[in-house]
Amino acid sequence: MDAMVNIIDWMDEHSQLHVVWYVKRLAANDTMASGGHQAGPYISKDFLLKVFPSLTEPGAENPDKKFELRIDSHADVREVRAVYYNNKFRGGTRDEARLTKFGGSNSPLLDPDSTGALVVFAFHRIENSDALVCHAWVCDDDEADLVEERIGTIEPGKWRIWNIGDDKRGLAPSSMDSSCWLKTYEIPATWATKFPDVDEIIRKTIELRADHDKTPDVRLMRRRECEFEIFRSIEEAIELPTIRQGFTTISEFIGCAQTILQRRKVRSGRSLELHIRKIFIEEQLHEGSDFSYQPESDVGTGKRPDFLFPSQAAYQDISFPANRLRMLAVKTTCRDRWRQIINEASRIRKKHLLTLQEGVSEKQFQEMTEAGVQLVVPAQLKNAYPATIQQHLQTLESFIGDVRLLSA
């Protein structure tokens, strides 16, 4: 409970107009989990050049700026270097900005076990000058929930730039040029009066990106991206006019913000499993006979794994061989919450877990393996994991193939 109070106090302290947040989840390539030589959280070049405008001074070769980084979640303070490698403008090939000098694995940001953690970087800006200090917080899962309640869900591989002024100007980002971003006239009239539920948005996603000629792994990742863009385009079309009109009371503003953030949270919680359910059906797995979606596995326990194979009835038939049963849990990130699935479906020893998290540490993977958890990762994300782990990961396509054999 104390940690939760601390993160709330910390967010309040660093929610000021001159403070801008950069929020992301640490991938294995950010930490030292991947074994790379350039470990350090990736922060977009455009953002860094705005926070440190001196790096854009003409004529300077590979300009850098040192600043104080305070990782308040771990009482860690050190001097970090922001550098802009700009030799592309002098006949070279590099045009990138990076942060360096984190201090190796001693830094909570580079600790392999921080892979998958949500991190908030709060840069304290000075107008027309470089930020002198950045406060950061490496979140556990409960703290991450509190951050996302305030600013919205952060997907693996994505980041969000936020400051308190965003809440006053609008909670939705500007529209983007995308094949899935719906223009106002493309949004069904019924959605303007009642925000569509996740199932409806996924149906629209499949209409725009059927991708039936692609593997289940590619289909899943492309549809997830498309569905998120559809959701945000609807959100902007519906909510932005209200926000621009302004609010007469703080209560009105808070009520609007809470509605938007809660809707984002609901979408994030259901989207991935519904995409996978649809792909199972497209792959000729029949619901009820080849798989069951969120059934109660062990009667009276209230335990509901996301998917049981071949069915709830087979699982609850004690004469059905346990070695022909499978379960699949679905979690966008799994850094800490993989442990939640260990006690699901007690008849099944090996628990399959599909995640979109970009890497885990070798230590975390070993703990999962010893607990009987088998990671299922879309093929496109396998390279985000340490080389020693990649061969032990299962793709969604491979998992579907194994499930088909259960009824062969």
What order, most packed first, do the peptides 210-216, 381-387, 339-345, 350-356 have when packing is the mean number of other Cβ atoms within 10 Å of each residue?
350-356, 381-387, 339-345, 210-216
Solvent-accessible area per residue for the chain (1.4 angstrom probe, square angstrom)
47 Å²
Are there any GluC sites (Glu not before Pro) in the range 74-156 that are in a DSSP loop and have at most 11 other Cβ atoms within 10 Å? List them by number.
127
Mind checking which of 244, 270, 98 has the largest fluctuation in a GNM of the chain, springs on alpha carbons under 10 Å?
244
Of the listed pairs 24/66; 45/66; 278/363; 194/303, which have alpha-carbon separations greater than 26 Å here?
278/363; 194/303
Quick one: Karplus J couplings for the range 280-287, per residue in order, coefficients 6.51, -1.76, 1.60, θ = phi - 60°, nearest Hz, x for Gly and Pro?
4, 5, 5, 8, 6, 8, 9, 5
Using DSSP to call loops (not H, G, I, E or B), can you name the trypsin sites (Lys or Arg not before Pro) in the range 114-162 whose Cβ has at most 16 other Cβ atoms within 10 angstrom?
158
Hey, which aspartates and glutamates would be in cross-link range of residue 88, C-alpha to C-alpha under 14 Å, not counting anything within fewer than 8 residues on its own chain?
61, 96
Points 7 angstrom from Cα along the Cβ direction at residue 194 and residue 259: gap in nanometres?
1.5 nm
Calculate the length of the line joining the C-alpha centroid of the range 31-77 to that of the range 93-161, in whole Å.
10 Å
Highest mean packing first, using Cβ neighbours within 10 angstrom, the peptides 190-203, 322-335 sort as 322-335, 190-203
Starting from 0.36 nm per residue, how many nanometres of slack lie between residue 184 and residue 407 once their C-alpha separation is accounted for?
75.6 nm
To the nearest Å, what is the center-to-center distance of the range 208-231 and the range 348-408, using C-alpha atoms only?
21 Å
For labels at residue 367 and residue 322 in the simple 7 Å Cα→Cβ model, what's the distance in nm?
2.6 nm
With residue 285 itself left out, Lys, Arg at +1 and Asp, Glu at -1 over residues whose Cβ is under 13 Å from its Cβ give -2
What's the center-to-center distance, using Cα atoms, between the range 185-202 and the range 264-316 in Å?
25 Å
Between the residues 383, 77, 365, the Cα farthest towards the positive end of the dipole of the chain, that dipole coming from +1 and -1 charges on the beta-carbon of Lys, Arg, Asp and Glu, is from 383
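The values are calculated or read from the model by the stated rules, or taken from the named source; none is laboratory data. What you are looking at is a predicted structure, and each value in this text was computed from that prediction instead of being measured. Positions of Cβ are backbone-derived with ideal geometry, glycine not excepted, and every protein chain shown enters the neighbour counts. Surface areas here come from the heavy atoms of the whole protein model, side chains and all, with no ligands, DNA or RNA. Shrake-Rupley method; radii C 1.70, N 1.55, O 1.52, S 1.80 Å.
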